[in-house]
Amino acid sequence: MSEFNLKENHLKGQTSPYLLQHLYNPVDWYPWGPEALDKAKTENKPLLISIGYSACHWCHVMEKESFEDHEVARLMNDHFVCIKVDREERPDIDHLYMNAVQLISQRGGWPLNCFALPDGRPFWGATYFPRDQWKSILIRIHELFVHQHSDLEEQAEKLTEGLAQNSILPLTDKKDKGFSADVTNKMARGISQNIDMNEGGTMGAPKFPLPAVFEFLLHYHQQNPQAKDAAKAVELTLTKMAMGGIYDQAGGGFARYSVDENWKVPHFEKMLYDNAQLISLYAKAYKTNPLQIYRQVVEESIAFVKRELTSPSGTFYSALDADSEGEEGKFYVWTEKQFHEVLGKEAPLAIEYFNVGGKGFWEKGNSILLLNKTDEAFAREWSMQPEMVRNKAASWKKILLKEREKRIRPGLDNKVLVSWNGLMIEALAEAYSAFGNHQWKDDAAKAADNILRLAMQPDGRLYHTLNDDKPAVDGFLEDYACMIKALIKLGTHKEEYLLSAKKMMEYTLENFSSEKTNMFSFSSAKGEQLVAPYFDFQDNVIPSANSIMARNLFYMGHLFENHDWIDRSRQMLTDVAQQMENYGSWTANWGILWLHHQKEFFTLAVCGNNAAETTDDILSNYLPDILACSSFSEKTQIPLLKNRFVKGKTLVYPCTSTECLPPVATSHETLKILTS
């Protein structure tokens, strides 16, 4: 790196690993904030807002090609105020400019490069460009800003109006007319038509996991056993993903997506949010279909998170980079020669098992480890018992993982995001309920306790990030939504978590509500207000914050017997009904809430000395339309549990929305009621 490159820009002092990756770029990057925005207004320069994240391969490519280039840097510095944004640290800014680019070009991704007037209103943007094309764009945008400024003003005004209109589901006079099965039937049909029934997942490439879609299908099949296609789609997808290159066969955990339709070649970055949601999904799927491969995925993926994404305080880091030593995937791929060197006489069989040099062959003589057959099929082919195959595979993985640790590792993004930690806490609690591993429940509690201690204020206000256990950035709706949902799950056995969730819910209702819509704003009324509001209601790889919050209102309303919360949830769901019928894959999490209304939804108050054990026994079954809460003490602040403790007995009180049934004493009796 030249002497010119060693000069620090205005990113000095930032804590985001992604921003610090650009600290020595010759581009004079600023973080988002008053200094950069005031400079743009004072010097009458357009903003160039470049958004990415630390694990993004193409972000690194554009940095190397353009942002480290002196000539490109001079163009950017002379004509623009350049702002670098970590999309994970500031999702509000990312949503604003990503939505703008999608309105302009009907596509988006990262790196995201958006040009805006000095006041922040966007007028044009796109994603990755090679160096020479990027130079031409910079020159053209500068010319337009100088010579056709009024045209850009008009474009920015129209675009900002469009952003505000597209984001809001306005208040309507729609009445709650009940929740017809026609809506979820139509959703299921629409989703099923887009399922790749050969390889699983949605049709085409690239192929993303989309956990909420398959959780909806799992739940839908439970209510509609005749919907065999839904069950087949879930089993096929989860099995194919677990066998594919998208899954780290040596170390556990999933990459962000597959670039092909066969789950073979991953985009090698590994994100906490993907792994958290997939752990939850595989654990739920195991309850209804106890396949060994589901258990294996849960156990190995949790082991991966504990080994590589867990902080000393027990909270969880954000991501691992796709690249190491400047090459995408180098850390994860293997050659036949390496297998022979590491595994010795076991190498030939391991090569067949992991398809090294065969189906797994990729490029430069390297292979991506993947499975072409289930362990049972492989055992039949090689005249072995399935258990022997599993034991051998476990031994090979242990050796490969130990050898891989000698390699130069991909970069770690050590931000602790409250929202993604909520997803992981929920995942550990869900895995505990499926498999009974108490260590997972303890790990979930440890992470939750630290988030509550470090990132929550006494009034329920949350921060969005922790860096070295120091809170930063005001919390967004996704932080409240994901943490409340996690605390509801953990609160099954410990009401203190439910009381913390209640504080967060009350803070959300007060500070994120709008007079224009039943949806919650993505940003707090007390936080920074960008040029257009954003109301997140479309589910994606992560469900929308509003769909999660609508489910939270439903659950919390039952726990605290708060009918206003249940009514708000119902109204939110009613408002999104049309989108659900037309865009099932993008409203799958709303669909799960709709399913709660289609079948009798039960709350279970479990009280007595053996309440925890009885509750665990019940919840080890797949029962998506119940909400359980337990206590071994008669002193409680949870309305659902009050006046239900009988000394010397453990009783289960099953209640619907209209009646409470007589209490029963065993999990067996409870299950008979729930499944009758």
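Of the residues examined, MET483 is one that is out of contact with any His (no Cβ under 6 Å at 6 or more places or on another chain), at pLDDT 95 or above and surrounded by 24 or more Cβ atoms within 10 Å (Cβ to Cβ). Entry remark, region 445-479: residues being assigned to a helix (DSSP H, G or I), farther than 17 Å from GLU88 by Cβ and of a type outside the set (A, V, I, L, M) number 4 in total. Criterion applied to LEU595, LEU651 was being touching a helix residue (DSSP H, G or I) at 6+ places or on another chain (Cβ under 7 Å) and of a type outside the set (S, T, N, Q), and the one residue passing it is LEU595. Each residue in region 584-616 was checked for being surrounded by fewer than 18 Cβ atoms within 10 Å (Cβ to Cβ), outside any helix (DSSP H, G or I) and touching a residue at least 60 places away in the same chain (Cβ under 8 Å), and 1 pass.
Looking at region 383-403, which of the residues that are among the aliphatic types (A, V, I, L, M) and crowded, with 18+ Cβ neighbours inside 10 Å is farthest from ASN372 (Cα to Cα)?
If we filter region 383-403 for residues that are among the aliphatic types (A, V, I, L, M), which is where we start, we get 384, 388-389, 393-394, 399-401.
Among the residues that remain, those that are also crowded, with 18+ Cβ neighbours inside 10 Å are: 389, 393, 400.
Details: VAL389: 14, ALA393: 14, LEU400: 19 Å.
Selected residue: LEU400.
Across region 201-216, not a single residue is classified as without any contact (Cβ under 8 Å) to a residue 12 or more places away in the chain and assigned by TED's automatic domain parsing to the domain that holds TYR294. If you go through region 16-56 and keep only what is in contact with an Asp or Glu (Cβ under 9 Å, 6 or more places away or on another chain) and part of a helix (DSSP H, G or I), you end up with PRO17, TYR18, LEU19, GLN21, LEU37, ALA40, LYS41. Residues that are closer than 29 Å to LEU272 by Cα and of a type in the set (Gly, Ala, Ser) were ranked within region 40-65; the one that is surrounded by the fewest Cβ atoms within 10 Å (Cβ to Cβ) is SER50. Among the residues of region 360-372, is any of a type in the set (D, E, K, R) and modelled with pLDDT of 95 or more? No, the conditions are met nowhere in region 360-372. Are there any pairs, at least 6 apart or on different chains, whose C-beta atoms fall under 6 Å, with the first in region 112-124 and farther than 14 Å from ILE141 by Cβ and the second part of a strand (DSSP E or B), and if so, which? Cβ pairs passing all conditions: LEU112/ILE51.
Given the structure, is GLU235 in a loop (DSSP other than H, G, I, E, B), in the same structural domain as GLN538 (by TED's automatic domain parsing) and of a type in the set (Asp, Glu)? So GLU235 fails the test. When residues in region 395-420 are screened for being outside any loop (DSSP other than H, G, I, E, B), of a type in the set (Val, Ile, Thr) and closer than 25 Å to TYR273 by Cα, 2 of them pass. Surrounded by fewer than 17 Cβ atoms within 10 Å (Cβ to Cβ) and in contact with a strand residue (DSSP E or B) (Cβ under 9 Å, 6 or more places away or on another chain): does that describe GLU161? In short, no. Here SER620 meets each of (1) within 30 Å of the chain's Cα centre (by Cα); (2) among the small types (Gly, Ala, Ser); (3) under 25 Å from TYR497 (Cβ atoms); (4) buried (at least 18 other Cβ atoms within 10 Å of the Cβ) with one exception, condition (4).
The values are calculated or read from the model by the stated rules, or taken from the named source; none is laboratory data. These figures come from a predicted structure and were not determined experimentally. Quick reminder, even Gly has a Cβ in these numbers, built from the backbone with ideal geometry, and neighbours come from all protein chains shown.
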